[in-house]
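Visitor: Got a structure for you, questions after.
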Amino acid sequence: MTEQLDQNAHTANSKTEIYLKDYKPAPYQIDEVSLLFELSGDDALVTALSHFTRSDAASTEPLCLDGGPFMELVSIEIDGIPLKPDDYVKNETSLIIHDTAADFTLKIVTKLKPAENTRLEGLYKSSGNFCTQCEAEGFRHITYFLDRPDVMAKYKVRIEASKADYPVLLSNGNLIKKGQMPNGFHFAEWDDPFPKPSYLFAMVAGKLACLSDEFTTMSGRSVELNIYAAEEDISKCDHAMQSLKNSMRWDEETYGLEYDLDIYNIVAVADFNMGAMENKGLNIFNTKYVLASPETATDQDYNNIEGVIGHEYFHNWTGNRVTCREWFQLSLKEGLTVFRDQEFSSDMQSRAVKRLDDVRVLRMHQFPEDAGPLAHPVRPEKYIEINNFYSATVYNKGAEVIRMMHSLLGAEAFRRGMDIYFERHDGQAVTCEDFVCAMEAASDIDLRQFRRWYSTAGTPKLSFTRECDGDDVLLTVEQSISINGAEIEYDPLHVPIKIAWVDKARSVNGESSENNAPPTLLHLTDAKQTFRFEGVGKNVVPSIMREFSAPVHIDHDLDTEELLTLASFDIDPFVRSDALQTIGRNIILTAAQKLESNEEFHAPESYYSTFERLISDDDTDPAFLAELLTLPGEIDVGQHMQPLRPQTLHKAREFVADQIANRYFEPILDKYNELQAFDECNRPKQQGVRRYKNTLLGYLARTSVGEDILSKQFDNSQNMTDEIAALGLLSSSDFDYRNTALAQFFERWKHEALVIDKWFAVQAVSKRSDVLSTVRSLLKHQHFSFVNPNRLRALVSSFSVLNQAGFHDESGAGYEFLADVVLKVDRINPQTAARLVAPLGQWKRLDHARQLKIQSLLDDLLKKHSLSDDVRELLEKSLN
Ligand code: TRP
Ligand code: ZN
């Protein structure tokens, strides 16, 4: 057989759109699969034995198996009889068998070249170890199969490999048997008793060290816990292990959900397309979300690890035990599991700060997605490449949709709804609709209109206006959605609005700010609706969207003084923080206008005095103070500037920050010194202190002591949080010490890949005007890699996503840079290339000259190059 195994060529016939409305149940079910992996050198021979039974007895359709272009078909037989060439047809994406019985066993042998697989999908090698990634459609690159989540089978797996080279052999489920073979080979046999879709299959073979522990479940069963990593990294797995045990306990306590196998394995690999993968009993993780030590990982890294470990663990019930019918239902498992990991982290740390962080992520990444050419509903209706829908919308807005149901039902009814969901659907592949039905069954809340959140793209804007009627207040709310700058028509959404009233007079007296009336949950269901609040009086400020009760833009008519009342006295952390952010944003936008017309600008005195009061506040949680004292970022403010003028915006924000820094230099410095002296104690507190301290450092960097204080912190820091905070500020500066620090940091950490990622990232987000040429030259640095997604994103995405002013350089060179990188990476790893495209889709928000530059780049890419489906789908959408 002559097979062309070019791993890098993109298939000539590109995929077409797949529609939710076309869903049909699978023609066959596969109840049992047994897989044999013979690993030798860099090759893998895979023998798959699957038992098929026809679902629809009347059907005579030929059997169409999914398959990829990168594997060689070695042999194929049915019930022990080899198929003749006429019995089947094979092309790049499928294998069609003409005449199949109602019940049969298929044996297929395929040969793979994992070492050449830079797509990091299917079976590949990372740092010399074999590993797999099958979600969403990677299993079809291992063998021909019905590679769809509604086909659920029990898997038995046998792995054979050289014992010296691959001492660790892992797959899903429980280890049944292992032993020696001739010629220095050994084998292991794994058995997963739970039927699962192919996307949850996993296999690992490699040289790995192991950290082991144990967990006793609520019913008293003992579970063996293992984290596998490279020998030199195994000392950095303790935090991940602790997070795993915390997750297991949390899910028992919160949802009564217990782990269901005797063993839970996690493997950390350096080359990985995303964060981590919830394969049944064998999670595979990006090293970034496992490895941590105080010297090499920031507090943020620690929190991310806790969140991702929790996320993958929680998938065992929300994703694995109950899975998705097809990929349009992706948010069924992802939105729900993000909600669960957010709640877990809230319970482990500070609920208030976690909510602010989650809202910030949503606004920074999901809102722009939802307002631009890549906007799609939480449950998309069509796609070309499903990998492009592992989006902020499906994950983060999906989590907000679950959170809104939680608010509408209340915690108790929500929990009952979860119980009903598992009672009804354990072991099944189901839909978002099934989830909502379970929630309805648990409560008397009518969610008929609420369901529209699943099918409506775009972020609703809520506009609030007030009117007094005697002692009553009439609050009118209007909802609307704009995508690509144009208002769309849609059936109104059911929006939960949590609101309370803050008394101005009482606030001023320093009394409790809460009005007599408790917070209310309003149900906005019409396009425009008026709510009457009886007897709240005239002297009140509405505290709107407490806890950020819905994923919406908030537009209201509160003036600066009213916002400052909320900022100072509201008891809701979101409303407090958002009030200050809103003022900060308005100040920066006004400063930008004044800059453009060469006028002088001064922020209102009352804003400054609030700032000053916060610096001298010793009672409030330091992490929360850090949040309050941070000016809104350029990306955030940019969403309110039409058209976006990135450089003006940048200058305006710098101007405001400089003013604050120099005006309050002394109190900021005093506070900084006080916090610096604060001894290390328990993690959340200490973490909050560092966050606050490093926020203040950002202001001090703008003053006469800037270079001195940054170099001191850089030289003396005992942990990565402080070290990278100082280096980041140095990297943006013109100080002499800048280059020294960058060089020192590189020398100190050049053997720690995850730390070197940070070194690339701090240079990519630099505010210096030479950032573009720096980033270009870093592409040629010997430690840069187009093949390792972490390294690639550390440089490229940090620049294109986070460095608004740098990326949107007037010359358009930032766009050319990104287009070049996308093309290059597309030949190596289409999934990861596609994840770089989004910034080019933002052109409608820019001025005409920039629009033309991006349009012609997109046009060129599409016309002149052969592209993967992944990248092509996004470029085509982005151009529209
Ligand atoms: N399901 C995984 C999660 O949410 C993410 C995932 C989807 C993924 N596709 C992937 C991870 C491809 C790596 C590669 O945690
Ligand atoms: Zn997930």
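The values are calculated or read from the model by the stated rules, or taken from the named source; none is laboratory data. The structure displayed is predicted, hence computed values, not measured ones. For neighbour counting, all protein chains shown are included, and Cβ atoms are generated from backbone atoms with ideal geometry for every residue, glycine included. Quick note on the areas: whole protein, heavy atoms, side chains included, nothing else; ligands and nucleic acids left out. Shrake-Rupley method; radii C 1.70, N 1.55, O 1.52, S 1.80 Å.
Visitor: Rolling a 1.4 angstrom probe over the protein chains, ignoring ligands and nucleic acids, what is the accessible area of R835 in square angstrom, nearest 10?
Guide: R835 has an accessible surface of roughly 90 Å² with all protein chains in place.
Visitor: Relative contact order of region 24-207, please, whole-number percent, based on alpha carbon pairs below 8 angstrom and at least 6 residues apart. Could you put the intermediate results ahead of the total?
Guide: Details: 463 pairs, mean separation 44.4, N = 184.
The value is 24 percent.
Visitor: Related question: How far is it, in nm, from the label point at K538 to the one at D820 when both lie 7 Å from their Cα along the line to the Cβ?
Guide: 6.6 nm
Visitor: Using alpha-carbon positions, what is the distance between the centroids of region 156-221 and region 827-880, in Å?
Guide: 42 Å
Visitor: Okay, next question. Can you give me the long-range amide H partners of V536? Hydrogens built in the peptide plane at 1.01 Å from N, cutoff under 5 Å, separation of 5 or more residues or another chain.
Guide: Residues meeting the criterion, in which the H sits 1.01 Å from N, are V473.
Visitor: Additional query: With angles folded into 0 to 90 degrees, how steeply does helix 683-700 sit against the dominant principal axis of the chain? Use alpha carbons for both and round to 10.
Guide: Once rounded, one gets 60 degrees.
Visitor: Next question, about the same structure. How large is ³J(HN,Hα) for each residue in region 844-850, as worked out from phi by the Karplus curve 6.51 cos²θ - 1.76 cosθ + 1.60 (θ = phi - 60°), to whole Hz, x for Gly and Pro?
Guide: 5, 7, 9, 5, 4, 4, 5
Visitor: Considering only protein heavy atoms, with the full assembly of protein chains and a 1.4 angstrom probe, order E674, E562 by accessible area, largest first.
Guide: Details: E674 105, E562 15 Å².
If we order E674, E562 from most to least accessible, we get E674, E562.
Visitor: Next question, about the same structure. By DSSP, what percent of the beta bridges with both residues in region 224-369 are antiparallel, rounded to the nearest 5?
Guide: 15 percent
Visitor: Continuing with the same structure: Quick check for me: using +1 on Lys/Arg Cβ and -1 on Asp/Glu Cβ, what's the dipole size of region 325-455 about its Cα centre, in debye to the nearest 20?
Guide: Working: 18 positive and 21 negative charges, 62 e Å.
In debye, rounded to 20, region 325-455 gives about 300.
Visitor: With an 8 Å cut-off on Cα pairs and a minimum separation of 6 or more residues, tell me the relative contact order of region 530-683 in percent. Show your work: numbers first, answer last.
Guide: Details: 100 pairs, mean separation 33.1, N = 154.
Value for region 530-683: 21 percent.
Visitor: Further question on the same structure: Tell me the carbon and sulfur percent of the accessible area for the chain, rounded to whole percent, probe radius 1.4 Å. Walk me through the intermediate numbers first.
Guide: Numbers: 16660 of 34010 Å².
So the carbon and sulfur contribution to the accessible surface is 49 percent.
Visitor: Evaluate E = 1/(1 + (r/R0)^6) for L862 and S94, where r is the Cβ-Cβ distance and R0 equals 30 Å; express this FRET efficiency to the nearest 0.05. Please list the in-between numbers first.
Guide: Values: r = 26 Å, r/R0 = 0.88.
Here the calculated transfer efficiency is 0.70.
Visitor: Here's another thing I want to ask about it. Given an 8 Å cut-off on Cα distances and at least 6 residues of separation, report the relative contact order of region 308-427 as a percent. Spell out each step's value before the answer.
Guide: Numbers: 99 pairs, mean separation 40.1, N = 120.
About 33 percent, as a whole number.
Visitor: Now for a different question. Which value in deg cm²/dmol, rounded to the nearest 500, describes the helix-derived mean residue ellipticity at 222 nm for the chain, given -39,500 (n - 2.57) per DSSP H run of n ≥ 4 and division by the residue count? Don't jump to the answer; show the numbers that get you there.
Guide: Working: 29 runs with 336 residues, N = 880.
About -11500 deg cm²/dmol.
Visitor: Which value, in Å², gives the accessible area per residue of the chain when a 1.4 Å probe is used on the protein heavy atoms?
Guide: Values: 34010 Å² over 880 residues.
Heavy-atom accessible area per residue stands at 39 Å².
Visitor: Accessible area of S597, 1.4 Å probe, to the nearest 10 Å²?
Guide: Number for this one is 60 Å².
Visitor: Taking only Cα atoms, what is the 0 to 90° angle, nearest 10, from helix 398-409's long axis to the longest principal axis of the chain?
Guide: For helix 398-409, the angle is close to 70 degrees.
Visitor: Turning to a different aspect of this structure: I'd like the distance separating the alpha-carbon centroids of region 561-577 and region 725-762, in whole Å.
Guide: Their Cα centres are 37 Å away from one another.
Visitor: Mind listing the phi-derived Karplus ³J(HN,Hα) values for region 116-121, rounded to whole Hz, using 6.51, -1.76 and 1.60 with θ = phi - 60°, and x for any glycine or proline?
Guide: These are the phi-based 3J(HN,Hα) values: 8, 7, 8, 6, 6, 9 Hz.
Visitor: Considering lysine pairs in region 141-219 that are 8 or more places apart or on different chains, how many have Cα atoms under 26 Å apart?
Guide: Count of close lysine pairs: 14.
Visitor: Restricting to bridges with both residues inside the chain, how much of the DSSP beta-bridge set is antiparallel, in percent to the nearest 5? Display every interim value, and only then the final one.
Guide: Values: 107 of 130 bridges.
Around 80 percent antiparallel, to the nearest 5.
Visitor: Distance between the C-alpha centers of region 603-651 and region 40-119? Whole Å please.
Guide: So the two Cα centres are separated by 59 Å.
Visitor: Could you pull out every residue, at least 5 positions away or on a different chain, whose amide H is within less than 5 Å of the one on M152? Hs are placed 1.01 Å off N in the peptide plane, and Pro or chain starts have none.
Guide: Amide H neighbours of M152, under 5 Å, 5+ apart: I30.
Visitor: Would you kindly derive the ³J(HN,Hα) couplings of region 434-446 from the backbone phi angles with the Karplus curve 6.51 cos²θ - 1.76 cosθ + 1.60 (θ = phi - 60°), listing them in order in whole Hz, with x for Gly and Pro?
Guide: Karplus values, whole Hz, x for Gly and Pro: 4, 5, 4, 4, 5, 5, 5, 5, 8, 8, 9, 7, 8.
Visitor: Which angle between 0 and 90 degrees, to the nearest 10, do you get for helix 330-348 versus the longest principal axis of the chain when only C-alpha atoms count?
Guide: Computed tilt is about 50 degrees.
Visitor: List the residues whose amide H sits under 5 Å from the amide H of H376, counting only those 5 or more places along or on another chain, with H placed 1.01 Å from N in the peptide plane.
Guide: G458
Visitor: Next up: Would you mind listing how long region 257-324 runs along its three principal axes, going by Cα atoms, in whole Å with the largest first?
Guide: Projected onto its principal axes, the Cα set of region 257-324 covers 38, 24, 24 Å.
Visitor: Show me 226-234, 738-746, 84-92 ranked by packing, highest mean number of other Cβ atoms within 10 Å first. Please list the in-between numbers first.
Guide: Numbers: 226-234: 19.7, 738-746: 16.0, 84-92: 11.9.
Listed from highest to lowest mean packing, they are 226-234, 738-746, 84-92.
Visitor: Another question, then. Using a 1.4 Å probe on the protein heavy atoms only, what accessible surface does E385 show? Give it in Å² to the nearest 10.
Guide: Here the residue's solvent-accessible area equals roughly 10 Å².
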